[in-house]
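Comments concern the structure below.
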Amino acid sequence: MEHDDADPVRARRRTLITGAGGQLGRALAVAFAGDEVLPVGRDGWDVRHEAPALPWRPDLVLHAAAWTDVDGAEDDPQGAAAANVGGTANAAALGAPLVAYSSDYVFDGAKGAPYVESDTPSPLSAYGRSKLHGEAAAGDRAWVVRSSWLFGPTGHNFVRTMLRLGAEREEVAVVDDQRGCPTYVGHLAVATRELVDAGRAFGTWHVAAAGDCSWADFAEAIFEETGLSCAVRRITSAQFGAKAPRPAVSILRSEKGAPELPHWREGLRACLEALASERD
């Protein structure tokens with residue numbers, strides 16, 4: 001009798017990670033290190049196209065590949081859709097249970113209070129629309145994990161930008177009229193594993209850091225934690241003049257009992273410790 005890739009004798013779950021070179025993909029590789037992990041970066045699979053030949057059929061797909069340039073999506077909405085909608089559909093086509101990551105930017109911020117999973121999305125930007133349509137492309141055998149303001153010790157993110165600017169300048173202007181939950185990718189990755197390993201139902205889950213703040217609050221915390229003397233000048237979104245509109249309040253909370261993450265300040269400290277260890 002022939003056995004296929006689902007042979008129960010195999011001890012470890014086979015987990016494919018897309019976008020493995022990005023900040024979330026790297027964190028997922030650490031959190032799921034107990035699995036047989038196949039990390040695939042863009043050079044191995046541009047998810048806008050069908051999957052290449054793989055060494056094995058995955059038991060689980062963690063889909064971290066995405067178009068993340070919010071303002072760039074306004075100039076190239078089709079490009080954003082190709083990555084965030086088509087890419088998710090291609091990941092789902094592998095046939096394994098899928099974790100697809102989405103964003104607080106699927107909401108317009110008009111609620112003025114935290115958003116839960118049952119709230120109706122209404123994205124303001126091309127990026128937000130691409131993430132919302134990507135949720136639908138994930139299919140019925142997917143955990144759609146919405147998170148917020150991701151940061152980590154690698155890649156392009158707010159923390160790394162503020163550390164660079166804070167070392168170069170005496171003052172930075174930072175938006176103070178947008179509130180969200182800055183989420184450390186290491187904490188999100190561990191929560192993803194908890195969600196999957198607990199066998200929670202497929203569907204939409206809000207998984208973001210505890211607490212909330214504005215971008216200006218976040219910048220001040222970064223400088224406080226690192227001892228940088230840079231001052232923060234609080235400005236409005238209109239003064240900043242970004243191309244894509246952002247929701248004013250996009251705090252995410254779960255009504256379904258999603259895994260709870262530590263406070264965003266704890267995530268910030270963990271990120272800074274990881275950066276310090278890399279320098280040592």
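Here the gap between residue 116 and residue 54, fully extended at 0.36 nm per residue and compared with their Cα-Cα distance, gives a gain of 18.6 nm. Here the calculated FRET efficiency for residue 233 and residue 272, from their Cβ-Cβ distance with R0 = 22 Å, stands at 0.45, rounded to the nearest 0.05. Identify all lysines with a Cα-Cα distance to residue 131 below 20 Å; exclude those on the same chain that are fewer than 8 residues away in sequence. Within reach: 111, 243. Remark: relative contact order (region 162-227) = 52 percent; criterion is Cα-Cα distance under 8 angstrom and separation of 6 or more residues.
Relative contact order, percent, of region 191-280 when contacts are C-alpha pairs under 8 Å separated by at least 6 residues?
On the way: 51 pairs, mean separation 45.4, N = 90.
Answer for region 191-280 is 50 percent.
Could you pull out the trypsin sites (Lys or Arg not before Pro) across region 3-82 that fall in loop regions by DSSP (anything but H, G, I, E, B) with no more than 13 other Cβ atoms inside 10 Å?
On the way: sites: 10, 12, 13, 14, 26, 42, 48; in loops: 10, 12, 13, 42, 48.
Passing both the DSSP loop test and the Cβ count: 10, 12.
Calculate the dipole size of region 13-61 relative to its Cα centre from +1 charges on Lys and Arg beta carbons and -1 charges on Asp and Glu beta carbons; express the result in debye to the nearest 20.
On the way: 6 positive and 6 negative charges, 13 e Å.
For this selection, approximately 60 debye.
Of all beta bridges that DSSP places with both ends in the chain, some 5 percent have antiparallel geometry. To the nearest 10, the accessible area of residue 266 is 100 Å² with a 1.4 Å probe. Helix-only arithmetic for the chain: the sum of -39500 (n - 2.57) across DSSP H runs with n ≥ 4, divided by the residue total, places the mean residue ellipticity at 222 nm at -9500 deg cm²/dmol. Rounded to the nearest 5, the antiparallel percentage of DSSP beta bridges internal to region 138-280 is 15%.
Only Cα pairs under 8 Å and at least 6 apart count here; give the relative contact order of the chain as a rounded whole percent.
20
For the chain, give the magnitude of the charge dipole about the Cα centre (Cβ charges: +1 Lys/Arg, -1 Asp/Glu; no others), in debye to the nearest 20.
Working: 28 positive and 39 negative charges, 24 e Å.
Result for the chain is approximately 120 debye, rounded to the nearest 20.
How charged is the neighbourhood of residue 70? Take every other residue with its Cβ under 9 Å from the Cβ of residue 70, and add Lys/Arg as +1 and Asp/Glu as -1. Residues close to residue 70 contribute a combined charge of -1. A full extension of the chain between residue 69 and residue 30 corresponds to an added length of 11.6 nm, given 0.36 nm per residue minus the alpha carbon distance. Only one residue of 230, 162, 93 has its Cα farthest out toward the positive end of the dipole of the chain, where Lys and Arg carry +1 and Asp and Glu -1 on Cβ, and that residue is 93. Only one of the values (i) 18.9, 62; (ii) 27.3, 100; (iii) 18.9, 72 was calculated from this structure for Rg and Dmax of the Cα atoms in Å; name its label. Answer by label: (iii).
Computed from backbone phi with θ = phi - 60° and the Karplus coefficients 6.51, -1.76 and 1.60, the 3J(HN,Hα) list for region 90-98 is 5, 5, 5, 5, 5, x, 8, x, 10 Hz; x is used for glycine and proline.
Would you work out the charge dipole size for region 174-280 about its Cα centre, treating the Cβ of every Lys and Arg as +1 and the Cβ of every Asp and Glu as -1, and quote it to the nearest 20 debye?
Numbers: 12 positive and 15 negative charges, 87 e Å.
With only Lys, Arg, Asp and Glu charged at Cβ, the dipole is about 420 debye.
The GluC sites (Glu not before Pro) of region 187-256 meeting both criteria, a DSSP state outside H, G, I, E and B (loop) and at most 12 other C-beta atoms within 10 angstrom of the site's C-beta, are 255.
Taken as Cα centroids, region 75-90 and region 226-280 sit 26 Å apart, rounded to the nearest whole angstrom. Work from the charge dipole of the chain (Cβ charges, +1 for Lys and Arg, -1 for Asp and Glu, about the Cα centre) and give the residue of 56, 128, 32 farthest towards its positive end. Toward the positive end, the furthest listed residue is 128. Rounded to a whole number, what % of the accessible area of region 137-258 do carbon and sulfur atoms account for, probe 1.4 Å? Answer for region 137-258: carbon and sulfur cover 48 percent of the accessible area.
The values are calculated or read from the model by the stated rules, or taken from the named source; none is laboratory data. Keep in mind that what you see is a predicted model, and the values were worked out from it rather than measured. No Cβ is skipped: glycine too gets one built from the backbone with ideal geometry, and neighbour counts run over all protein chains shown. Accessible surface areas use protein heavy atoms only, side chains included; no ligands, DNA or RNA. Shrake-Rupley method; radii C 1.70, N 1.55, O 1.52, S 1.80 Å.
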